[in-house]
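Please treat every number below as a calculation from the coordinates, not as lab data. Since we're looking at a predicted model, the values are computed, not measured. So basically every Cβ, Gly included, is an ideal-geometry build from the backbone, and we count neighbours across all protein chains shown.
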Amino acid sequence: MTDKERPLAKPSVQIDNDRVIVTEWRFPPGSHTGWHRHNHDYVVVPITTGELHIFDGKATVPAPLRAGVSYSRQTGVEHDVINPNDFEFVFVEIEVKA
């Protein structure tokens with residue numbers, strides 16, 4: 001499936017204030033975020049257990065995730081996040097503003 005054929009994941013911003021942005025991301029099967037750059041440090045809290053694929057511009061790497069097991073990354077990460085599963089994948093992203 002090409003990027004043009006992939007549906008987009010659906011972000012729902014829950015909080016956006018002077019300190020944080022909290023977004024729930026829902027990925028229908030086969031969907032992706034589209035290429036993007038993170039402008040803030042962030043924490044991801046998976047709601048679903050499964051695997052996402054991370055495309056960094058050169059290679060696609062599997063990222064196994066477990067519900068409730070968080071991870072963090074720093075400002076500047078660039079990638080496309082893809083849901084290869086046959087089920088919806090959901091996570092909450094918390095971006096920390098400087």
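Values as computed for the structure displayed
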| read-out | value |
| --- | --- |
| So S12, is it among the small types (G, A, S), under 13 Å from the mean Cα position of the chain (by Cα) and farther than 26 Å from K97 by Cβ | no |
| All positions within the range 1-41 that are surrounded by fewer than 15 Cβ atoms within 10 Å (Cβ to Cβ) and of a type in the set (S, T, N, Q) | T2, S12, Q14, N17, N39 |
| Sole residue being farther than 19 Å from E5 by Cβ and either under 11 Å from the mean Cα position of the chain (by Cα) or among the acidic types (D, E) (or both), chosen from T48, T23 | T23 |
| Residues satisfying the stated conditions in the range 56-98, i.e. over 16 Å from R26 (Cα atoms) and among the basic types (K, R) | K58, R73, K97 |
| Residues being free of Cβ contacts under 8 Å to residues at least 60 places away in the same chain and not basic (K, R) - total across the range 53-98 | 29 |
